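Data block below; observations after.
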């Protein structure tokens, strides 16, 4: 895998999560209005993550970093094998989002460990945010029951 491909896949994953949360917002309008704000917040978070990675790409800040040395051994494929999700229920949507959030968390955690300085801290921060998203989704899922 090359750096450009890694960045494109991260952006695609963030887009998938954004789309999932916008769909969740739509489901919530009809099924559980109390979830609307949660899905809206999650979607905004994913947009911010995508923007951060896009900015890194445009500015070339990952070029020449330690990530390049590790791309072939990172074992990132499991994080990017998710197909486009088309959940039919709110429950399915939340479960799918939980899986994707876990993948994002693990990816950002790995990148945060590889990179040094502020770049590493940014990815560690993003990993922490993905963990918060998963926690919120877990609470939402448990409240469905």
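FYI, it's all coordinate maths here, none of it is from the lab. All values reported here derive from a predicted model rather than from experimental measurement. Cβ atoms come from the backbone with ideal geometry, glycine included; neighbour counts cover every protein chain shown.
What angle do you read, to the nearest 10 degrees and between 0 and 90, between the alpha-carbon axis of helix 3-30 and the longest principal axis of the chain? The two axes meet at around 10 degrees.
Per the helix-only calculation at 222 nm, which mean residue ellipticity applies to the chain, given -39500 (n - 2.57) for every DSSP H run of n ≥ 4 and division by its residues, nearest 500 deg cm²/dmol?
Values: 6 runs with 114 residues, N = 145.
Helices in the chain give a 222 nm mean residue ellipticity of -27000 deg cm²/dmol.
Using the Cβ-Cβ distance between residue 144 and residue 55 with R0 set to 35 Å, the FRET efficiency from 1/(1 + (r/R0)^6) comes to roughly 0.45.
Across the chain, the mean sequence separation of Cα contacts (distance under 8 Å, 6 or more residues apart), normalised by length, yields a relative contact order of 24 percent.
Relative to the longest principal axis of the Cα atoms of the chain, helix 36-59 runs at roughly 20 degrees. Relative intensity of the stretch 96-143 on a log10 scale, I(q)/I(0) at q = 0.26, 0.27, 0.28 Å⁻¹, equals -0.81, -0.85, -0.89, per a Debye sum over C-alpha point scatterers of equal strength in the absence of solvent. Distance from the Cα centroid of the stretch 1-54 to that of the stretch 108-138 is 16 Å (rounded to whole angstrom). On the basis of the beta-carbon distance and an R0 of 22 Å, residue 124 and residue 99 show a calculated FRET efficiency of 0.55.
Between residue 26 and residue 88, the modelled label-to-label distance comes to 1.7 nm, taking each label 7 Å out from Cα in the direction of the beta carbon. Subtracting the Cα-Cα distance of residue 15 and residue 131 from their residue separation scaled by 0.36 nm leaves 40.0 nm.
By how many nm would the segment from residue 41 to residue 8 grow when fully extended, if each residue of separation counts as 0.36 nm and the alpha-carbon distance is taken off?
Difference between extended and current length: 9.5 nm.
Run a plain Debye calculation on the chain (Cα atoms as equal point scatterers, no solvent) and give log10 I(q)/I(0) at q = 0.14, 0.19, 0.20, 0.21 Å⁻¹, rounded to two decimals, same order as the q list. Each listed q corresponds, in turn, to -0.64, -1.08, -1.17, -1.27.
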